[in-house]
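A.B. asks: Got a structure here, written out as structure tokens. Questions coming.
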Amino acid sequence: MTPRIRRFTRLLTAHIDGPLLMVMMVLMGIGLTVIYSGSNQGISRVSSQMLNMLVALTVMYVFANISPHALTRIALPLYLLGVLLLVCVALFGEVVNGARRWLFIGVTRIQPSEIMKIAVPLMLAWYFDRYQSALKLKNYIIAVLLLIVPVGLVVRQPDLGTALLISAAGAYVLFLAGLSWRIILGVAAAGAACMPFVWSMMHDYQRQRILTLIDPTQDPLGSGYHTIQSTIALGSGGVFGKGWLQGSQTHLDFIPERTTDFIFAVFSEEFGLIGNSLLLVLFLLIIARGVVITANAPTLFTRLFGGAITLTFFTYAFVNMGMVSGILPVVGVPLPLISYGGTSMVTVCLGLGILMSIQTHKKLVQS
């Protein structure tokens, strides 16, 4: 390799974090393997996911090369744009499967709630960074209001899974910004006291999901079907699994949403406990790398935003695995970097690209 090519390669990869990218690529490869099996060896499904990955990696590369300082400039405009789009969804959005989540713009349609997964923690991190020298209780109240507005609009669609992820991302920023434990416990207690009211406001299908979590056998062919079949697949995999392409629950079409929300059930059946352990290690490596990057970040903004991205990634994985395992309600959260889908893949890679930016630009950011 000539010196010119080496210089060009170093310039091209200057803002790419090698350890993070390596684990990401391994997880994406596992995802393609399981999608191929879950789609009954569907080449078109795999090809489509490879295209999604290409787009997501391009987005990751772009954001890895944007400095954190530049992100502070777009925090407020992006947040306001996201809220405006959510309002437009409420007024003019398309209804798909009984939910108004999509907005048609010109030649395509978008799901604005996905934007808020990044826009909300970005906005809150910028807000706390701006007022870090004199943080008072009113600043935390304003931050909570900034969180409640988009979450309320997403819940109204209804989209409980996305609302959960946005709420978690915002709550992580509040916690990392130093919100008092007394206030956190007080809010938790108030939330618990409001549960009867919240229950009465929930849609029938949302209440049914919680009842199904308690006892999925009450409706084994209806609302409890997903949970029952996924837990059977998890258990039938045993220690070593049944082998790739050999899962009976998968290939006899018992597992629903085999390449999206319930792809973890397919993986567990075919690769067993050993495969699950490997998958957990890979997820933990990404989370650990995110924690290291966050701990070494030079500014309050980058620490808050990096921490929120890392913990939100953890939430994605935990909620999906808990949902498939039957310990959490079914809320439609994909398994990061594994599940089929372009929107979630782009969102996750965008966040990881920002983590790379925080890591590689830290020497250029004044503390």
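A.B. asks: With a 10 Å radius around each residue's Cβ, average the other Cβ atoms per peptide and rank 325-331, 162-168, highest first. Spell out each step's value before the answer.
C.D. replies: On the way: 325-331: 18.4, 162-168: 22.4.
Ranking the peptides 325-331, 162-168 by packing returns 162-168, 325-331.
A.B. asks: Using a basic spin-label model with each label point 7 Å from the Cα along Cα→Cβ, how many nm lie between residue 194 and residue 207?
C.D. replies: 1.9 nm
A.B. asks: Amide H of residue 99: which non-local residues (sequence gap of 5 or more, or other chain) have their own amide H closer than 5 Å, using H built in the peptide plane?
C.D. replies: none
A.B. asks: Follow-up question, since we're still on this one. Return the sequence-ordered ³J(HN,Hα) values of segment 59-74 in whole Hz as given by the Karplus equation 6.51 cos²θ - 1.76 cosθ + 1.60 applied to θ = phi - 60°, using x for Gly and Pro.
C.D. replies: 4, 4, 4, 4, 6, 5, 9, 9, 5, x, 4, 5, 5, 5, 6, 9
A.B. asks: Can I ask one more? Determine the calculated [θ] at 222 nm for the chain from helices alone, applying -39500 (n - 2.57) to every DSSP H run no shorter than 4 residues and normalising by the residue count; nearest 500 deg cm²/dmol. Each step should come with its number before you reach the end.
C.D. replies: Details: 15 runs with 258 residues, N = 367.
Result for the chain: -23500 deg cm²/dmol, rounded to the nearest 500.
A.B. asks: How would 333, 346, 55, 34 line up from fewest to most surrounding beta-carbon atoms within 10 angstrom? Kindly include the intermediate steps, with their values, before the conclusion.
C.D. replies: Working: 333 24, 346 19, 55 14, 34 29.
Ascending number of Cβ neighbours within 10 Å: 55, 346, 333, 34.
A.B. asks: Cut-off is 10 Å between beta-carbons; in what order do 39, 180, 113 appear when sorted fewest neighbours first?
C.D. replies: Values: 39 19, 180 10, 113 27.
By the 10 Å Cβ count, ascending, the order reads 180, 39, 113.
A.B. asks: Can you give the Rg and Dmax of segment 142-217 based on its C-alpha atoms, in angstrom?
C.D. replies: Using the Cα atoms of segment 142-217, the pair Rg, Dmax is 14.1, 44 Å.
A.B. asks: Considering the convex hull of the alpha carbon atoms of the chain, report its projected area averaged over all viewing directions, in nm², one decimal.
C.D. replies: Numbers: hull surface 83.2 nm².
Computed as one quarter of the Cα hull surface, the answer is 20.8 nm².
A.B. asks: Please name whichever of 148, 299, 354 sits farthest to the positive end of the charge dipole of the chain, dipole taken about the Cα centre and charges placed at Cβ: Lys and Arg +1, Asp and Glu -1.
C.D. replies: Toward the positive end, the furthest listed residue is 299.
A.B. asks: Further, regarding this structure: From the phi of every residue in segment 32-49, what ³J(HN,Hα) in whole Hz does the Karplus formula 6.51 cos²θ - 1.76 cosθ + 1.60 yield, where θ is phi - 60° and glycine or proline is x?
C.D. replies: 4, 4, 6, 5, 4, 6, x, 9, 6, 6, x, 5, 4, 5, 5, 4, 5, 5
A.B. asks: Quick one: Karplus J couplings for segment 21-27, per residue in order, coefficients 6.51, -1.76, 1.60, θ = phi - 60°, nearest Hz, x for Gly and Pro?
C.D. replies: Going residue by residue, I get 5, 4, 5, 4, 5, 4, 5 Hz, with x marking Gly and Pro.
A.B. asks: While we're on this one: For segment 178-236 and segment 74-133, compute the distance between their C-alpha centroids and round to whole Å.
C.D. replies: 26 Å
A.B. asks: For segment 68-202, what is the convex hull volume of its Cα atoms per residue in Å³? Mind dumping the intermediate values first?
C.D. replies: Details: hull volume 15.8 nm³, N = 135.
Considering the Cα atoms of segment 68-202, their hull volume per residue is 117 Å³.
A.B. asks: Highest mean first, how do 294-303, 231-240 rank when packing is the count of other Cβ atoms within 10 Å averaged over residues? Walk me through the intermediate numbers first.
C.D. replies: Working: 294-303: 19.7, 231-240: 16.8.
Ranked from most to least packed, the peptides come out as 294-303, 231-240.
A.B. asks: Quick one: if the Förster radius is 30 Å, what FRET efficiency do residue 54 and residue 81 give, using the C-beta to C-beta distance and rounding to 0.05? Can you show the working numbers first?
C.D. replies: On the way: r = 26 Å, r/R0 = 0.86.
Taking R0 as 30 Å, the efficiency between residue 54 and residue 81 is 0.70.
Each value in this text was obtained by applying a stated rule to the coordinates, not by laboratory testing. Predicted, not measured: the structure shown is a model, and the values here were computed from it. So basically every Cβ, Gly included, is an ideal-geometry build from the backbone, and we count neighbours across all protein chains shown.
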